[in-house]
1. Among the residues of the range 292-300, is any closer than 30 Å to LEU365 by Cβ, in contact (Cβ under 8 Å) with a residue 60 or more places away in the chain and assigned to a loop (DSSP other than H, G, I, E, B)?
2. Go through the residues of the range 74-87 one by one and say whether even a single one is loosely packed, with under 15 Cβ neighbours inside 10 Å and at pLDDT 55 or above.
3. Given the criteria over 21 Å from the mean Cα position of the chain (by Cα), in the same structural domain as ILE391 (by TED's automatic domain parsing) and of a type in the set (Lys, Arg), does ARG115 qualify?
4. Please go through the range 204-225 and give me each residue that is surrounded by 20 or more Cβ atoms within 10 Å (Cβ to Cβ) and over 21 Å from LEU267 (Cβ atoms), ordered by number.
5. If ASP310 satisfies all but one of (1) touching a residue at least 60 places away in the same chain (Cβ under 8 Å); (2) in a loop (DSSP other than H, G, I, E, B), what's the number of the condition it fails?
6. With respect to GLU325, is the statement that it is assigned to a helix (DSSP H, G or I), closer than 18 Å to ILE298 by Cβ, of a type in the set (D, E, K, R) and in the same structural domain as ILE129 (by TED's automatic domain parsing) true?
7. Can you list residue pairs whose Cβ atoms sit under 9 Å apart, with the first residue in the range 129-143 being touching a residue at least 12 places away in the same chain (Cβ under 8 Å) and more than 15 Å from GLU153 (Cα to Cα) and the second being of a type in the set (Gly, Ala, Ser) and in a helix (DSSP H, G or I)? Count only pairs 6 or more apart in sequence or on different chains.
8. Of all the residues that make up the range 361-385, how many are free of Cβ contacts under 8 Å to residues at least 40 places away in the same chain and outside any loop (DSSP other than H, G, I, E, B)?
Amino acid sequence: MESLLVGSFPKASSPLSIPHLAELASPHCCSNVATYSFKRKAFRNAGKSCTTPLRLQLQGRTLMNVRCFGGRIVKSNSSQSLKYRVKSASEQSFESEPSKTTWSSPQDALDAFYRFSRPHTVIGTALSIISVSLLAVRKLSDFSPIFYNGVLEAIVAALLMNIYIVGLNQISDIDIDKVNKPYLPLASGEYSVTTGVMIISSFAILSFWLGCMVGSRPLLWALFVSFVLGTAYSIDVPFLRWKRFAVVAAMCILAVRAVIVQIAFYLHVQMFVFGRPAVFTKPVIFATAFMSFFSVVIALFKDIPDIVGDKIYGIQSFTVRLGQEKVFWACIYLLEMAYAVALFVGATSSCAWSKWTTVIGHSVLGSLLWNRAKSTDLKDKVAITSFYMFIWKLFYAEYLLIPLVR
């Protein structure tokens, strides 16, 4: 399995060494130049991150800036055609940029795995399972060891599959991530492709093993469908790699985040843990509908900060096709529509505490979203990336409100 997967993925390109820098100059515009010089001599030891920029000069003309990142030299932006962005904004507050390509301590190894696991998705998966599991609770006596054990089994199996899916996406997107997310372990060279394949293969096997040991059909179906869609979304083989197609990519994310998580894990607790018939209550229907809006927004918004790499490698996302501003405001309007529906659902509740909690909660979240959107600079990648992580925080907050819908 490992050798098959490795063969399907692009190999990480070798680091760009100093002698190769001369090759970056166009022979048509600088054919008579024999030498080049560096304006600064500021390298650290190999394998460490250099934050001091260097300038490559040919006949006194600065062609490009370079920066050492993770032991390699990367081209940087200038006003000429030979320009790339060097200093990539950190995508989220949950992740930190790597400082070493070799691990000098267990802490470095854990940090690399932390970034590889894409922690914002891990948190979202865990919160969503806990939230929808609570929708199956009818009385206080349902909070029993059997309930806690069933929820824990579902969370562990789902997180193992989650890491498989995000890891597979990174393995398939190494070159794209070198442009969009150079701090990820595979893009920075901390992980080899073989290491990545070993990790995701192990986690997928462990996820299915745990699902089989538990014996819950809804849980197994959730894992299987997530595996199939996650693989089809990322892996670069004929007829797959659905992320290339904007509508299909959005449908994959919607199916997993909006349908599978809500329905399958609710049924896992309702039918397998409590042994009750499948009954889709108002809160379950609301959660599925609301998260359908949210999943579409996440599917659209995640490509806004990545427009440069997606353009280079032919990923026809909605952002590439329509532009950042149109997609950004489409996401805002979709979420505001979802909050308006949530306000209506809360206002029609016959339970007083549920009515006031959901109405006030969604009003606050909708207001925060609108105010933050108006102050976001769409020309600043740092601001856009920060706003994307704000969307995930709203996602977490919604799962705190869903169990209160009655």
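The values are calculated or read from the model by the stated rules, or taken from the named source; none is laboratory data. Everything numeric in this text was worked out from a predicted model, so none of it was measured. As a convention, Cβ positions derive from the backbone with ideal geometry for all residues, glycine included, and neighbour counts pool all protein chains shown.
1. Looking through the range 292-300, none of the residues is closer than 30 Å to LEU365 by Cβ, in contact (Cβ under 8 Å) with a residue 60 or more places away in the chain and assigned to a loop (DSSP other than H, G, I, E, B).
2. For the range 74-87, residues loosely packed, with under 15 Cβ neighbours inside 10 Å and at pLDDT 55 or above: absent.
3. No.
4. Residue satisfying the conditions is ALA204 alone.
5. (2)
6. No: the conditions fail for GLU325.
7. LEU135/ALA287
8. Here the count works out to 13.
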